[in-house]
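Structure record follows, encoded as C-alpha coordinates.
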Amino acid sequence: MLATATKPLNAYDVALENFDLAANALGLDDSIRARIKYPERILCVSVPVRMDTGKVVRFEGYRVQHSTQRGPAKGGIRFHPNVTMDEVKALATWMTWKCAVVNIPYGGGKGGVTCNPKELSMGELERLTRRYATSILPIIGPEKDIPAPDVYTTPQIMAWIMDTYSMNKGYPVHGVVTGKPLSIGGSLGRNEATARGVFYTTLSSCEHLSIPMAGARVVVQGFGNAGGIAAELFHGAGDKVLAVSDTSGCVFNANGLNIPAVVAYKARTGRLAGFPEATPITPAELLALECEILVPAALENAITEENAHAVHARIVSEAANGPVTPEADRILNQNGVFLIPDILCNAGGVTVSYFEWVQDENHLFWDEQDVNAKLEKIMKRSFADVLKIHLDKKVDMRLAANMLGVSRVAEACRVRGLYP
Ligand code: NAD
(Lines give C-alpha, C1' and ligand atoms only; values in the text may rest on other atoms or scores of the structure.)
Protein backbone atom coordinates (compact mmCIF):
# COMPACT_ATOMS: atom_id res chain seq x y z
CA MET A 1 0.00 0.00 0.00
CA LEU A 2 2.82 2.39 0.86
CA ALA A 3 5.25 1.21 -1.79
CA THR A 4 6.92 4.21 -3.35
CA ALA A 5 8.27 2.48 -6.46
CA THR A 6 5.99 2.89 -9.46
CA LYS A 7 7.98 0.71 -11.87
CA PRO A 8 8.26 -2.92 -10.79
CA LEU A 9 11.92 -3.90 -10.70
CA ASN A 10 13.16 -7.45 -10.63
CA ALA A 11 15.37 -7.79 -7.55
CA TYR A 12 17.29 -10.68 -9.15
CA ASP A 13 18.27 -8.47 -12.11
CA VAL A 14 19.59 -5.98 -9.57
CA ALA A 15 21.54 -8.73 -7.77
CA LEU A 16 23.09 -9.92 -11.05
CA GLU A 17 24.00 -6.35 -12.03
CA ASN A 18 25.66 -5.80 -8.63
CA PHE A 19 27.66 -8.99 -9.12
CA ASP A 20 28.80 -8.05 -12.65
CA LEU A 21 29.97 -4.63 -11.50
CA ALA A 22 32.00 -6.19 -8.68
CA ALA A 23 33.40 -9.00 -10.86
CA ASN A 24 34.44 -6.45 -13.53
CA ALA A 25 36.09 -4.20 -10.96
CA LEU A 26 37.99 -7.23 -9.59
CA GLY A 27 38.90 -8.48 -13.10
CA LEU A 28 37.48 -11.86 -12.11
CA ASP A 29 38.20 -14.85 -14.31
CA ASP A 30 35.20 -16.03 -16.40
CA SER A 31 35.42 -19.59 -15.05
CA ILE A 32 35.10 -18.38 -11.47
CA ARG A 33 32.27 -16.02 -12.42
CA ALA A 34 30.33 -18.89 -13.94
CA ARG A 35 30.86 -20.92 -10.77
CA ILE A 36 29.84 -18.35 -8.16
CA LYS A 37 27.32 -16.05 -9.86
CA TYR A 38 24.23 -18.29 -9.99
CA PRO A 39 22.34 -20.29 -7.32
CA GLU A 40 23.70 -23.79 -6.70
CA ARG A 41 20.28 -25.26 -5.87
CA ILE A 42 16.67 -24.09 -6.20
CA LEU A 43 13.70 -25.90 -4.68
CA CYS A 44 10.11 -24.94 -5.44
CA VAL A 45 7.47 -26.62 -3.26
CA SER A 46 3.72 -26.92 -3.07
CA VAL A 47 2.38 -26.13 0.39
CA PRO A 48 -1.21 -27.38 0.81
CA VAL A 49 -2.77 -26.15 4.04
CA ARG A 50 -6.07 -27.11 5.65
CA MET A 51 -7.71 -23.80 6.53
CA ASP A 52 -9.97 -23.29 9.55
CA THR A 53 -12.98 -23.56 7.20
CA GLY A 54 -11.97 -27.16 6.39
CA LYS A 55 -10.99 -26.29 2.80
CA VAL A 56 -7.46 -26.97 1.54
CA VAL A 57 -5.61 -24.02 -0.02
CA ARG A 58 -2.32 -24.44 -1.91
CA PHE A 59 0.52 -21.97 -1.37
CA GLU A 60 3.84 -21.90 -3.22
CA GLY A 61 7.17 -21.96 -1.38
CA TYR A 62 10.85 -21.74 -2.28
CA ARG A 63 14.25 -22.42 -0.83
CA VAL A 64 17.29 -21.23 -2.76
CA GLN A 65 20.88 -22.13 -1.90
CA HIS A 66 22.97 -19.62 -3.78
CA SER A 67 26.37 -20.69 -2.46
CA THR A 68 28.01 -23.20 -0.16
CA GLN A 69 31.59 -22.29 -1.10
CA ARG A 70 32.46 -20.83 2.33
CA GLY A 71 30.15 -22.95 4.51
CA PRO A 72 26.53 -24.07 4.79
CA ALA A 73 23.88 -21.92 3.09
CA LYS A 74 22.38 -19.37 5.49
CA GLY A 75 19.43 -17.04 5.15
CA GLY A 76 15.97 -16.09 6.28
CA ILE A 77 12.49 -17.20 5.34
CA ARG A 78 9.96 -14.60 4.18
CA PHE A 79 6.18 -15.01 4.34
CA HIS A 80 4.72 -12.24 2.16
CA PRO A 81 2.17 -11.92 -0.68
CA ASN A 82 4.84 -10.56 -3.07
CA VAL A 83 7.32 -13.43 -2.63
CA THR A 84 8.49 -14.78 -6.01
CA MET A 85 11.19 -17.22 -7.05
CA ASP A 86 13.27 -14.32 -8.44
CA GLU A 87 12.96 -12.35 -5.20
CA VAL A 88 14.18 -15.37 -3.21
CA LYS A 89 17.05 -15.89 -5.69
CA ALA A 90 18.08 -12.25 -5.24
CA LEU A 91 17.91 -12.41 -1.45
CA ALA A 92 19.91 -15.68 -1.44
CA THR A 93 22.57 -14.12 -3.69
CA TRP A 94 22.90 -11.10 -1.39
CA MET A 95 23.26 -13.44 1.61
CA THR A 96 26.35 -15.02 0.00
CA TRP A 97 28.17 -11.69 -0.34
CA LYS A 98 26.86 -10.51 3.07
CA CYS A 99 28.27 -13.51 4.98
CA ALA A 100 31.56 -13.02 3.15
CA VAL A 101 31.68 -9.28 3.95
CA VAL A 102 31.43 -9.96 7.68
CA ASN A 103 33.70 -12.99 7.18
CA ILE A 104 31.57 -15.64 8.85
CA PRO A 105 31.82 -19.24 7.58
CA TYR A 106 28.55 -19.41 5.67
CA GLY A 107 27.32 -19.36 2.12
CA GLY A 108 24.02 -17.77 1.15
CA GLY A 109 20.45 -19.03 1.05
CA LYS A 110 16.91 -17.75 1.37
CA GLY A 111 13.38 -19.07 1.48
CA GLY A 112 9.88 -17.81 1.18
CA VAL A 113 6.21 -18.66 0.90
CA THR A 114 3.83 -16.52 -1.14
CA CYS A 115 1.13 -15.87 1.42
CA ASN A 116 -0.31 -13.14 3.59
CA PRO A 117 0.29 -14.15 7.22
CA LYS A 118 -1.89 -11.24 8.36
CA GLU A 119 -4.89 -13.11 6.90
CA LEU A 120 -4.05 -16.47 8.53
CA SER A 121 -5.15 -17.67 11.95
CA MET A 122 -2.44 -18.91 14.34
CA GLY A 123 -3.43 -22.52 13.56
CA GLU A 124 -3.27 -21.93 9.80
CA LEU A 125 0.13 -20.24 10.15
CA GLU A 126 1.46 -23.18 12.15
CA ARG A 127 0.16 -25.75 9.63
CA LEU A 128 1.61 -23.74 6.73
CA THR A 129 4.98 -23.46 8.46
CA ARG A 130 5.17 -27.16 9.34
CA ARG A 131 4.17 -28.23 5.82
CA TYR A 132 6.70 -25.87 4.22
CA ALA A 133 9.41 -27.07 6.66
CA THR A 134 8.62 -30.70 5.78
CA SER A 135 8.86 -29.92 2.06
CA ILE A 136 12.29 -28.27 2.32
CA LEU A 137 13.52 -30.72 4.99
CA PRO A 138 15.71 -32.78 2.62
CA ILE A 139 17.95 -29.81 1.87
CA ILE A 140 18.16 -28.03 5.26
CA GLY A 141 20.12 -28.97 8.39
CA PRO A 142 22.84 -27.55 10.64
CA GLU A 143 25.59 -28.62 8.23
CA LYS A 144 23.66 -27.90 5.03
CA ASP A 145 21.41 -24.85 5.17
CA ILE A 146 20.19 -22.92 8.21
CA PRO A 147 17.04 -20.75 7.88
CA ALA A 148 16.22 -17.72 10.09
CA PRO A 149 13.45 -15.08 10.34
CA ASP A 150 12.86 -12.45 7.67
CA VAL A 151 9.83 -10.32 6.79
CA TYR A 152 6.68 -11.53 8.62
CA THR A 153 8.39 -14.58 10.15
CA THR A 154 9.05 -14.74 13.88
CA PRO A 155 10.88 -16.71 16.61
CA GLN A 156 7.66 -18.75 17.05
CA ILE A 157 7.77 -19.74 13.37
CA MET A 158 11.44 -20.75 13.79
CA ALA A 159 10.38 -22.88 16.80
CA TRP A 160 7.83 -24.74 14.64
CA ILE A 161 10.48 -25.37 11.97
CA MET A 162 12.95 -26.63 14.60
CA ASP A 163 10.25 -28.90 16.05
CA THR A 164 9.19 -30.27 12.64
CA TYR A 165 12.80 -31.02 11.71
CA SER A 166 13.52 -32.60 15.10
CA MET A 167 10.37 -34.80 14.93
CA ASN A 168 11.62 -36.17 11.61
CA LYS A 169 15.11 -36.84 12.94
CA GLY A 170 13.91 -38.31 16.23
CA TYR A 171 16.02 -36.05 18.44
CA PRO A 172 16.23 -32.29 19.09
CA VAL A 173 18.28 -30.41 16.49
CA HIS A 174 18.66 -26.86 17.76
CA GLY A 175 21.14 -25.74 15.10
CA VAL A 176 18.75 -26.23 12.16
CA VAL A 177 17.37 -22.67 12.45
CA THR A 178 18.44 -19.46 14.14
CA GLY A 179 16.34 -16.64 15.55
CA LYS A 180 14.64 -19.18 17.85
CA PRO A 181 13.11 -18.44 21.25
CA LEU A 182 15.68 -18.59 24.08
CA SER A 183 14.00 -21.64 25.63
CA ILE A 184 15.02 -23.84 22.68
CA GLY A 185 18.55 -22.62 22.03
CA GLY A 186 18.05 -19.08 20.80
CA SER A 187 20.78 -16.54 21.47
CA LEU A 188 20.56 -13.53 23.71
CA GLY A 189 20.82 -10.43 21.54
CA ARG A 190 19.56 -12.09 18.32
CA ASN A 191 16.26 -10.21 18.25
CA GLU A 192 18.03 -6.82 18.34
CA ALA A 193 21.07 -7.88 16.28
CA THR A 194 20.06 -6.56 12.85
CA ALA A 195 19.17 -3.15 14.29
CA ARG A 196 22.35 -3.10 16.39
CA GLY A 197 24.41 -3.73 13.26
CA VAL A 198 22.59 -0.87 11.52
CA PHE A 199 23.34 1.31 14.54
CA TYR A 200 27.06 0.42 14.71
CA THR A 201 27.68 0.93 10.98
CA THR A 202 25.78 4.24 11.08
CA LEU A 203 27.88 5.31 14.05
CA SER A 204 31.05 4.46 12.10
CA SER A 205 29.73 6.44 9.11
CA CYS A 206 29.04 9.47 11.30
CA GLU A 207 32.59 9.26 12.65
CA HIS A 208 33.97 9.00 9.10
CA LEU A 209 31.92 12.00 7.93
CA SER A 210 32.43 14.01 11.15
CA ILE A 211 28.68 14.17 11.76
CA PRO A 212 27.87 14.36 15.49
CA MET A 213 25.78 11.28 16.29
CA ALA A 214 24.09 12.79 19.33
CA GLY A 215 21.17 14.91 18.21
CA ALA A 216 21.26 13.63 14.62
CA ARG A 217 17.89 13.63 12.83
CA VAL A 218 16.77 10.13 11.85
CA VAL A 219 13.94 8.90 9.59
CA VAL A 220 12.93 5.21 9.50
CA GLN A 221 10.76 3.50 6.86
CA GLY A 222 9.39 0.17 8.16
CA PHE A 223 8.79 -0.48 11.85
CA GLY A 224 9.37 -4.21 12.33
CA ASN A 225 12.31 -6.14 13.72
CA ALA A 226 14.94 -4.14 11.83
CA GLY A 227 13.36 -0.66 11.66
CA GLY A 228 11.46 -0.58 14.96
CA ILE A 229 14.44 -1.64 17.05
CA ALA A 230 16.79 0.64 15.08
CA ALA A 231 14.48 3.56 15.90
CA GLU A 232 14.67 2.61 19.59
CA LEU A 233 18.49 2.45 19.48
CA PHE A 234 18.82 5.82 17.72
CA HIS A 235 16.34 7.36 20.18
CA GLY A 236 18.27 5.84 23.10
CA ALA A 237 21.51 7.36 21.75
CA GLY A 238 20.00 10.85 21.96
CA ASP A 239 19.05 11.20 18.30
CA LYS A 240 15.89 12.89 17.11
CA VAL A 241 13.76 10.32 15.28
CA LEU A 242 11.60 12.64 13.13
CA ALA A 243 9.40 10.08 11.38
CA VAL A 244 8.65 6.36 11.20
CA SER A 245 6.30 4.31 9.02
CA ASP A 246 4.68 0.92 8.53
CA THR A 247 2.01 -0.36 6.14
CA SER A 248 -0.67 1.56 8.07
CA GLY A 249 0.96 4.98 7.57
CA CYS A 250 3.76 7.43 8.38
CA VAL A 251 3.95 9.54 11.54
CA PHE A 252 6.07 12.70 11.90
CA ASN A 253 7.05 15.05 14.71
CA ALA A 254 9.51 17.87 13.95
CA ASN A 255 10.71 17.83 17.58
CA GLY A 256 11.39 14.09 17.49
CA LEU A 257 9.02 11.22 18.23
CA ASN A 258 8.85 9.66 21.67
CA ILE A 259 9.90 6.23 20.35
CA PRO A 260 9.10 4.18 23.50
CA ALA A 261 5.58 5.66 23.31
CA VAL A 262 5.39 4.81 19.58
CA VAL A 263 6.48 1.22 20.32
CA ALA A 264 3.87 0.91 23.07
CA TYR A 265 1.17 2.37 20.77
CA LYS A 266 2.05 -0.09 17.97
CA ALA A 267 2.09 -3.01 20.44
CA ARG A 268 -1.38 -1.99 21.66
CA THR A 269 -3.06 -1.17 18.32
CA GLY A 270 -1.00 -3.16 15.81
CA ARG A 271 -0.41 -0.03 13.72
CA LEU A 272 1.45 3.29 13.67
CA ALA A 273 -1.31 5.32 12.01
CA GLY A 274 -3.22 7.39 14.54
CA PHE A 275 -0.30 7.79 16.95
CA PRO A 276 -1.07 10.93 18.96
CA GLU A 277 1.67 13.59 19.34
CA ALA A 278 2.45 13.24 15.61
CA THR A 279 1.30 14.45 12.21
CA PRO A 280 0.47 11.96 9.46
CA ILE A 281 2.59 12.37 6.32
CA THR A 282 2.77 10.48 3.03
CA PRO A 283 5.45 7.86 2.22
CA ALA A 284 6.91 10.23 -0.39
CA GLU A 285 7.13 13.04 2.18
CA LEU A 286 8.82 10.71 4.67
CA LEU A 287 11.60 9.78 2.25
CA ALA A 288 12.13 13.45 1.34
CA LEU A 289 12.55 14.73 4.92
CA GLU A 290 15.72 16.66 5.61
CA CYS A 291 17.75 14.55 8.04
CA GLU A 292 21.20 13.21 8.76
CA ILE A 293 20.21 9.52 8.68
CA LEU A 294 17.55 7.82 6.53
CA VAL A 295 16.92 4.14 7.31
CA PRO A 296 14.89 2.20 4.71
CA ALA A 297 13.87 -0.88 6.74
CA ALA A 298 10.90 -2.30 4.82
CA LEU A 299 11.20 -3.98 1.41
CA GLU A 300 13.07 -3.79 -1.92
CA ASN A 301 12.86 -0.85 -4.33
CA ALA A 302 11.81 1.82 -1.83
CA ILE A 303 14.19 4.41 -3.34
CA THR A 304 14.13 4.46 -7.12
CA GLU A 305 15.11 6.83 -9.91
CA GLU A 306 11.72 8.49 -9.41
CA ASN A 307 12.20 9.58 -5.80
CA ALA A 308 15.98 9.46 -5.22
CA HIS A 309 16.37 13.14 -6.17
CA ALA A 310 14.02 14.04 -3.30
CA VAL A 311 16.19 12.33 -0.65
CA HIS A 312 17.72 14.96 1.66
CA ALA A 313 19.68 12.69 3.99
CA ARG A 314 23.47 12.75 4.57
CA ILE A 315 23.55 8.98 5.19
CA VAL A 316 21.27 6.21 3.90
CA SER A 317 21.55 3.13 6.14
CA GLU A 318 20.11 0.14 4.26
CA ALA A 319 18.50 -1.92 7.02
CA ALA A 320 16.30 -3.60 4.40
CA ASN A 321 17.67 -5.79 1.62
CA GLY A 322 17.73 -4.09 -1.77
CA PRO A 323 15.82 -0.90 -0.85
CA VAL A 324 17.77 1.28 -3.32
CA THR A 325 17.75 0.48 -7.04
CA PRO A 326 20.96 0.76 -9.13
CA GLU A 327 19.70 3.91 -10.88
CA ALA A 328 18.80 5.47 -7.52
CA ASP A 329 22.29 4.48 -6.29
CA ARG A 330 23.83 6.61 -9.02
CA ILE A 331 21.57 9.58 -8.16
CA LEU A 332 22.31 9.39 -4.42
CA ASN A 333 26.00 9.11 -5.19
CA GLN A 334 25.93 12.19 -7.45
CA ASN A 335 24.11 14.09 -4.71
CA GLY A 336 26.82 13.24 -2.17
CA VAL A 337 24.67 10.92 -0.06
CA PHE A 338 26.80 8.39 1.85
CA LEU A 339 25.24 4.92 1.49
CA ILE A 340 25.82 2.00 3.86
CA PRO A 341 24.97 -0.94 1.59
CA ASP A 342 22.59 -3.64 2.81
CA ILE A 343 25.13 -6.47 2.70
CA LEU A 344 27.14 -4.53 5.29
CA CYS A 345 24.51 -2.47 7.11
CA ASN A 346 22.05 -5.24 8.03
CA ALA A 347 24.63 -8.03 8.47
CA GLY A 348 24.28 -7.87 12.26
CA GLY A 349 21.33 -10.28 12.04
CA VAL A 350 23.22 -13.06 10.31
CA THR A 351 26.28 -12.42 12.47
CA VAL A 352 24.37 -13.15 15.68
CA SER A 353 22.60 -16.02 13.89
CA TYR A 354 26.10 -17.41 13.42
CA PHE A 355 26.76 -16.92 17.15
CA GLU A 356 23.49 -18.73 17.90
CA TRP A 357 24.48 -21.68 15.71
CA VAL A 358 27.94 -21.83 17.32
CA GLN A 359 26.32 -21.84 20.79
CA ASP A 360 23.79 -24.53 19.75
CA GLU A 361 26.49 -26.76 18.27
CA ASN A 362 28.62 -26.40 21.43
CA HIS A 363 25.71 -26.54 23.89
CA LEU A 364 27.28 -23.59 25.69
CA PHE A 365 25.56 -20.23 25.88
CA TRP A 366 26.99 -16.72 26.16
CA ASP A 367 26.01 -13.60 28.10
CA GLU A 368 24.27 -10.83 26.20
CA GLN A 369 27.25 -8.51 26.78
CA ASP A 370 29.53 -11.07 25.09
CA VAL A 371 27.18 -11.34 22.11
CA ASN A 372 26.91 -7.57 21.71
CA ALA A 373 30.63 -6.96 22.17
CA LYS A 374 31.53 -9.60 19.55
CA LEU A 375 28.88 -8.17 17.19
CA GLU A 376 30.18 -4.62 17.60
CA LYS A 377 33.73 -5.76 16.85
CA ILE A 378 32.71 -7.59 13.67
CA MET A 379 30.46 -4.77 12.40
CA LYS A 380 33.09 -2.08 13.00
CA ARG A 381 35.85 -4.18 11.46
CA SER A 382 33.70 -4.97 8.41
CA PHE A 383 32.77 -1.31 8.01
CA ALA A 384 36.49 -0.40 8.10
CA ASP A 385 37.27 -3.13 5.50
CA VAL A 386 34.62 -1.80 3.11
CA LEU A 387 35.53 1.84 3.73
CA LYS A 388 39.17 1.07 2.89
CA ILE A 389 38.20 -0.34 -0.52
CA HIS A 390 35.87 2.66 -1.06
CA LEU A 391 38.71 5.09 -0.37
CA ASP A 392 41.62 3.15 -1.94
CA LYS A 393 39.83 2.14 -5.15
CA LYS A 394 37.66 5.27 -5.35
CA VAL A 395 34.48 3.23 -5.82
CA ASP A 396 31.11 3.76 -4.14
CA MET A 397 30.33 1.93 -0.90
CA ARG A 398 28.01 -0.63 -2.56
CA LEU A 399 30.61 -1.61 -5.12
CA ALA A 400 33.26 -1.71 -2.37
CA ALA A 401 31.13 -4.10 -0.27
CA ASN A 402 30.32 -6.28 -3.26
CA MET A 403 33.99 -6.40 -4.26
CA LEU A 404 34.93 -7.56 -0.75
CA GLY A 405 32.16 -10.19 -0.63
CA VAL A 406 32.70 -11.51 -4.16
CA SER A 407 36.51 -11.62 -3.78
CA ARG A 408 36.25 -13.71 -0.59
CA VAL A 409 33.88 -16.20 -2.24
CA ALA A 410 36.08 -16.35 -5.34
CA GLU A 411 39.12 -17.01 -3.17
CA ALA A 412 37.32 -19.85 -1.36
CA CYS A 413 36.41 -21.31 -4.73
CA ARG A 414 40.01 -21.01 -5.94
CA VAL A 415 41.65 -22.65 -2.92
CA ARG A 416 39.15 -25.50 -2.94
CA GLY A 417 40.98 -26.45 -6.08
CA LEU A 418 38.27 -25.86 -8.59
CA TYR A 419 40.26 -23.20 -10.46
CA PRO A 420 43.86 -22.19 -10.98
P1 NAD B 1 9.28 -7.34 9.84
O2 NAD B 1 8.26 -8.23 9.28
O3 NAD B 1 9.65 -7.46 11.28
O4 NAD B 1 8.88 -5.80 9.59
C5 NAD B 1 8.61 -5.28 8.32
C6 NAD B 1 8.08 -3.87 8.54
O7 NAD B 1 8.01 -3.18 7.30
C8 NAD B 1 6.67 -3.83 9.14
O9 NAD B 1 6.62 -2.79 10.09
C10 NAD B 1 5.80 -3.48 7.94
O11 NAD B 1 4.61 -2.81 8.31
C12 NAD B 1 6.73 -2.55 7.21
N13 NAD B 1 6.43 -2.37 5.80
C14 NAD B 1 6.17 -3.31 4.84
N15 NAD B 1 5.95 -2.70 3.66
C16 NAD B 1 6.10 -1.36 3.88
C17 NAD B 1 6.01 -0.22 3.06
N18 NAD B 1 5.75 -0.33 1.76
N19 NAD B 1 6.21 0.99 3.65
C20 NAD B 1 6.48 1.13 4.96
N21 NAD B 1 6.59 0.07 5.78
C22 NAD B 1 6.39 -1.15 5.25
O23 NAD B 1 10.57 -7.52 8.89
P24 NAD B 1 12.09 -7.24 9.25
O25 NAD B 1 12.68 -8.50 9.73
O26 NAD B 1 12.19 -5.99 10.03
O27 NAD B 1 12.68 -7.01 7.78
C28 NAD B 1 12.65 -5.73 7.16
C29 NAD B 1 13.78 -5.68 6.14
O30 NAD B 1 15.02 -5.95 6.82
C31 NAD B 1 13.67 -6.73 5.04
O32 NAD B 1 14.20 -6.20 3.84
C33 NAD B 1 14.55 -7.85 5.53
O34 NAD B 1 15.02 -8.68 4.49
C35 NAD B 1 15.66 -7.03 6.16
N36 NAD B 1 16.47 -7.78 7.12
C37 NAD B 1 15.93 -8.34 8.23
C38 NAD B 1 16.75 -9.05 9.10
C39 NAD B 1 16.24 -9.68 10.37
O40 NAD B 1 17.04 -10.23 11.14
N41 NAD B 1 14.97 -9.56 10.68
C42 NAD B 1 18.12 -9.20 8.82
C43 NAD B 1 18.64 -8.60 7.69
C44 NAD B 1 17.81 -7.89 6.85
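General remarks:
- GNM top mover of 305, 17, 318 - the chain, alpha-carbon springs below 10 Å: 17
- Computed helical MRE - 222 nm, the chain, DSSP H runs ≥ 4 contributing -39500 (n - 2.57), nearest 500: -14500 deg cm²/dmol
- As an equivalent ellipsoid, the range 1-137 spans semi-axes of 32, 17, 12 angstrom, where each value is the square root of five times an eigenvalue of the C-alpha gyration tensor, largest first.
- Charge dipole magnitude, Cβ of K and R +1, D and E -1 - the range 180-281, Cα centre, debye nearest 20: 240 debye
- Evaluated over the Cα positions of the range 136-269, the convex hull gives a direction-averaged projected area, one quarter of its surface, of 10.2 nm².
- Share of alpha-carbon pairs per 10 Å distance bin for the range 205-253, given as whole %: 27, 51, 20, 2
- According to the calculation over all Cα-Cα pairs in the range 23-62, the P(r) per 10 Å bin from zero is 23, 25, 17, 16, 13, 6 %.
- The mean of 1/r over all pairs of different alpha-carbon atoms in the range 164-231, once inverted, gives a Kirkwood hydrodynamic radius of 14.6 Å.
- Histogram of C-alpha separations across the range 89-209, 10 Å bin width, %: 12, 39, 35, 11, 3, 0
- In terms of its Cα atoms, the range 118-170 spans 33, 21, 16 Å along the principal axes, sorted from long to short.
- Over all orientations, the range 251-310 has a Cα convex hull whose mean projected area works out to 4.7 square nanometres.
- Ratio Rg/Rh, restricted to the range 240-356 and using Cα atoms, in which Rh is the Kirkwood radius: 0.99
- Selected from 116, 325, 358, residue furthest toward positive end of dipole (the chain; charges at beta carbon): 358
- Think of the chain as a dipole: +1 on every Lys or Arg Cβ, -1 on every Asp or Glu Cβ, centred on the Cα centre; then among 262, 129, 339, 129 lies furthest on the positive end.
- Translational diffusion coefficient of the chain (Stokes-Einstein, Kirkwood radius from Cα pairs, 25 °C, 0.890 mPa s): 114 µm²/s.
- Projecting the Cα positions of 312, 197, 82 onto the charge dipole of the chain (unit charges on Cβ atoms of Lys, Arg, Asp and Glu, taken about the Cα centre) puts 82 furthest along the positive direction.
- With N the number of residues in the range 336-420, Rg(Cα) / (2.2 N^0.38 Å) evaluates to 1.31.
- Sulfur and carbon atoms: percent of accessible area, the chain [1.4 Å]: 53 percent
- The 3J(HN,Hα) values that the Karplus relation (6.51, -1.76, 1.60; θ = phi - 60°) gives for the range 392-403 are, in residue order, 5, 8, 6, 10, 5, 5, 5, 4, 4, 5, 5, 4 Hz. Gly and Pro appear as x.
- The range 161-260: relative contact order in percent, alpha carbon pairs under 8 Å with at least 6 residues between: 19 percent
- Think of each Lys and Arg Cβ as +1 and each Asp and Glu Cβ as -1; about the Cα centre, that makes the dipole of the range 121-265 roughly 180 debye.
- Local electrostatic count, residue 274, Cβ distance below 13 Å [Lys/Arg +1, Asp/Glu -1]: +1
- Only Lys, Arg (+1) and Asp, Glu (-1) charged, at Cβ; the chain dipole about Cα centre in debye: 840 debye
- The mean sequence separation of alpha-carbon pairs under 8 Å and at least six residues apart, normalised by the residue count of the chain, gives a relative contact order of 18 percent.
- log₁₀ of I(q)/I(0) at q = 0.16, 0.19, 0.21, 0.22 Å⁻¹ - the range 65-139, Debye sum with one point per alpha carbon: -0.62, -0.80, -0.90, -0.94
The values are calculated or read from the model by the stated rules, or taken from the named source; none is laboratory data. On a predicted model such as this, the values are computed, not experimentally measured, just so you know. Positions of Cβ are generated from backbone atoms using ideal geometry, with glycine treated the same way; all protein chains shown enter the neighbour counts. Side chains included, ligands, DNA and RNA excluded: accessible areas come from the protein's heavy atoms. Shrake-Rupley method; radii C 1.70, N 1.55, O 1.52, S 1.80 Å.
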